[in-house]
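The values are calculated or read from the model by the stated rules, or taken from the named source; none is laboratory data. The shown structure was predicted, so the numbers you read here are calculated from the model rather than taken from an experiment. Counting neighbours? That spans all protein chains shown, and the Cβs are built from the backbone with ideal geometry, glycine included.
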Amino acid sequence: MEQRESDCCELEKIEITMLLEAIYRYYGFDFRNYAFSSIRRRIKHRLRAEKLLTISGLQEKVLHDSSCLERLLYDFSINITEMFRDPGSFKVFREIAVPALRTLPNLRIWHAGCSTGEEVYSMAILLHEEGLLHKSTLWATDINDKVLREAEKGIFPLQRMQGYTTNYLQSGGKRAFSEYYTVKNDQVVFNADLLKHLVFAQHNLVTDCSFNEFQVIFCRNVMIYFDLTLQNRVHQLFYESLAQGGFLGLGNRETLRFSNFAEFYKELDSDHKLYLKVK
Ligand SMILES: C[S@@+](CC[C@H](N)C(=O)[O-])C[C@H]1O[C@@H](n2cnc3c(N)ncnc32)[C@H](O)[C@@H]1O
């Protein structure tokens, strides 16, 4: 019995490896170095949803039916986000990074793994309040085209605004949060003035290159799903893309400490994972 269970486990690993290899070779999406337990959970979910019995069956379907691939990609990209998520991170950014950014003639900011856009709208609001938005361009990228299409609308459910208002105030927000949007039925539409400074584009952190030089890069709650090899690849990309003296913001549960790039940054806040590129 034990033997069969371990065979099954081994077989499952082989099937998952082959599925990810097939997706990479045929479609170019590379999930081979995503954290295994997380990717396994998502594949199992997709198996049930597609009413398939084996991962090999899923591989066949994904290769011959691109809509099935889309559904699986959606499962792989965990899109949970909120405005002013981890408010302390925005507070620290306001207090530490903003004074330095004031001295620059213009600002290029990259939100990598932006999901449905809540994070980049939060940053645009913060920059507006600090008098920096007029000289800023914020690039918001994600692997997932579907979330980007949502993000660029700037429309969010009204019911989330109470929680977002609390986050906004805790992050050091200086006005009434409702000044930034108009309510339409059960949705809110964010002011077009914010949108003017945002650029949304598809970008895959695993396979795509650097596309500009930035003074700030935020990549929060994305690398948590990557293994160390992949994290290092992404840190290389960020190192190449960040100007000297630029700021890197990671998620609260992420760190530069174990990466190959730790020595090139100074940790400005250990709780809120704000780093300064010093070398
Ligand atoms: C949990 S959300 C984080 C959203 C936001 N940064 C935050 O902290 O609230 C993770 C996002 O990373 C994106 N993502 C996952 N793998 C990616 C990759 N290889 N390249 C770019 N984005 C990726 C997912 O599509 C998802 O939208």
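Details
- Only residues that are over 27 Å from LYS91 (Cα atoms), within 14 Å of the ligand (Cβ to nearest atom) and not in a strand (DSSP E or B) were counted in the range 184-215, giving 8.
- Apart from one condition, ILE125 fits all of (1) among the β-branched types (Val, Ile, Thr); (2) in contact with a strand residue (DSSP E or B) (Cβ under 9 Å, 6 or more places away or on another chain); (3) near the ligand (Cβ under 9 Å from one of its atoms); the exception is (3).
- Taking the criterion of being near the ligand (Cβ under 10 Å from one of its atoms) and in a loop (DSSP other than H, G, I, E, B), the residues of the range 216-236 that qualify are ARG220, ASN221, VAL222.
- Residue identified as assigned by TED's automatic domain parsing to the domain that holds HIS235 and touching a Pro at 6+ places or on another chain (Cβ under 7 Å) among ASN167, ASN144, ASN106: ASN167
- Criterion (hydrophobic (A, V, I, L, M, F, W, C), crowded, with 20+ Cβ neighbours inside 10 Å and assigned by TED's automatic domain parsing to the domain that holds THR141) met by exactly one of CYS209, CYS219: CYS219
- Any hit, the range 55-75, residues being touching a His at 6+ places or on another chain (Cβ under 9 Å), surrounded by 14 or more Cβ atoms within 10 Å (Cβ to Cβ) and hydroxyl-bearing (Ser, Thr, Tyr): no
- When residues of the range 166-186 are limited to those that are under 22 Å from ALA140 (Cα atoms) and over 20 Å from the mean Cα position of the chain (by Cα), the one surrounded by the fewest Cβ atoms within 10 Å (Cβ to Cβ): PHE177
- Test for LEU127: is it assigned by TED's automatic domain parsing to the domain that holds ALA243, closer than 28 Å to GLN244 by Cβ and crowded, with 23+ Cβ neighbours inside 10 Å: yes
- Residue under evaluation VAL199, criteria (1) at pLDDT below 95; (2) within 21 Å of the chain's Cα centre (by Cα), criterion not met: (1)
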